1. Picking from 107, 153, which residue would you name as being touching a strand residue (DSSP E or B) at 6+ places or on another chain (Cβ under 8 Å), modelled with pLDDT under 90 and of a type outside the set (Gly, Ala, Ser)?
2. Go through (1) at pLDDT 95 or above; (2) surrounded by fewer than 23 Cβ atoms within 10 Å (Cβ to Cβ); (3) under 17 Å from residue 352 (Cα atoms) and name the single condition residue 44 misses.
3. Only one of these conditions is not met by residue 310: (1) surrounded by 17 or more Cβ atoms within 10 Å (Cβ to Cβ); (2) modelled with pLDDT of 95 or more. Which number is it?
4. When residue 237 is evaluated against the numbered criteria (1) surrounded by 19 or more Cβ atoms within 10 Å (Cβ to Cβ); (2) in a loop (DSSP other than H, G, I, E, B); (3) touching a helix residue (DSSP H, G or I) at 6+ places or on another chain (Cβ under 6 Å), which criterion, by number, is the only one it fails?
5. Has the stretch 223-231 got any residue that is of a type outside the set (D, E, K, R), in a helix (DSSP H, G or I) and either in the same structural domain as residue 140 (by TED's automatic domain parsing) or more than 28 Å from the chain's Cα centre (by Cα) (or both)?
6. Go through the residues of the stretch 269-285 one by one and say whether even a single one is modelled with pLDDT of 95 or more, crowded, with 19+ Cβ neighbours inside 10 Å, hydroxyl-bearing (Ser, Thr, Tyr) and not in a strand (DSSP E or B).
7. Counting only residues that are more than 22 Å from the chain's Cα centre (by Cα) and not charged (D, E, K, R), how many does the stretch 24-53 have?
8. Residue under question is residue 246, and the condition is that it be of a type outside the set (Gly, Ala, Ser) and crowded, with 16+ Cβ neighbours inside 10 Å; does it hold?
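The values are calculated or read from the model by the stated rules, or taken from the named source; none is laboratory data. Only a predicted model underlies this, so the values are computations on that prediction, with no experimental measurement involved. Glycine gets a Cβ as well: all are built from the backbone with ideal geometry, and neighbour counts include every protein chain shown.
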Amino acid sequence: MVSKLFFTTPQLTWVDKLRNALALGTSPIVRGLIDYEGAMRTIRALDSVSFQDWFIGHGGSQESIRRMWNPIAYALGFIDCESISARCMLTIFMMFASKTEASKLNLLKGSPHRWLTGPILDYIQKRGAKLHLRHRVKAVHYEEGESPKVTSLTLSTPEGERNVEADVYLAACDVPGIQRLIPDAWRKHEQFDAIHRLEAVPVATVQLRYDGWVTELAEGEAAEERRTNLSNPTGLNNLLYTADADFSCFADLALASPEDYRKSGEGSLLQCVLTPGDPWIPKSVNDIVTHTDAQVRKLFPSSEHLILTWSNVVKLAQSLYREAPGMEPYRPDQTTPVSNFFLAGSYTRQDYIDSMEGATMSGHLAAAAILGLPAKLATNIAVA
């Protein structure tokens, strides 16, 4: 499927397509089809090299970087091919090429709370656990010695401070969260000090609701009727990429996630991820919406007469950790020098990127470390 995409895309000339084939054909991915672990060792060793340097060095073209690979890198890590590690990009290609259960692209049927985090929370609560969203860790108390251990946590709660004791402590955080949580005294340990070398990247996500179907590409009177017929959704039902806008990755959620985002009497709900996010964090919501709406209409000229009826902007100054070349050694293992303190989160060391899948994988690894068992990741037999 991937090779067909490379050779049929109108984004590249035949020269660029052939140079693409040369770069990927000489990559560790080919070896990975028969020797996955051997290929992954080679890929891990490429962490200090940017994907752009690796790709150009293996015969790929700069135009392929600009038209195809930069949008993919922006979607994966919110940074471009010059800034992202070759290990990161090649790991993803390796997963899709060799693991059939990893090569199916889907979007949630609706909102993440209803279809992802909600069911997870139900699963946890049915087993006696509780989620306290307004309980913040104020202090980590610990014993020093040959085998340091956490003795308790002081939590700030709506009812006042509370002390909590446990046998094992698992910190499932993002990069800014774990950097705030770790006591300064622990930075004498190399693993904890290295965490402070990790950086998070900014991102801005824009949602735009229209009174018709933006991604209906056909022209003519019949197409215009389909575009404005709100009772019959039409357009591109998939995750979309572009090299011609500041949002490299976007989707019409009214089509792709209809259970919660398709509304009676309303049209497309485009969700656009602005990457890199650095220039957008200081800008006003109105400026971001106006700019994004203009680029949507430039990408889909047939939507020029549709009316923007609603918008929303979410800006995160710190989101994913920056998958820059040379950063892999600073990603921590799930076990730590503190015997009963464990780490989870997609920034921790696992063979995936900072993502939902990476977070899930880190959770499996952390649970296995706590239980003293080998990690076993499930196979999805539905797509295997």
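1. Details: 153 fails: modelled with pLDDT under 90.
Result: 107 is the single residue among 107, 153 that is touching a strand residue (DSSP E or B) at 6+ places or on another chain (Cβ under 8 Å), modelled with pLDDT under 90 and of a type outside the set (Gly, Ala, Ser).
2. Against the list (1) at pLDDT 95 or above; (2) surrounded by fewer than 23 Cβ atoms within 10 Å (Cβ to Cβ); (3) under 17 Å from residue 352 (Cα atoms), residue 44 comes up short only on (1).
3. Just one mismatch for residue 310, condition (1).
4. Evaluating residue 237 over (1) surrounded by 19 or more Cβ atoms within 10 Å (Cβ to Cβ); (2) in a loop (DSSP other than H, G, I, E, B); (3) touching a helix residue (DSSP H, G or I) at 6+ places or on another chain (Cβ under 6 Å) leaves (1) as the failure.
5. Within the stretch 223-231 (the criterion being of a type outside the set (D, E, K, R), in a helix (DSSP H, G or I) and either in the same structural domain as residue 140 (by TED's automatic domain parsing) or more than 28 Å from the chain's Cα centre (by Cα) (or both)), the answer is yes, since at least one residue qualifies.
6. No, the stretch 269-285 has no match at all.
7. 14
8. Answer is yes for this residue.
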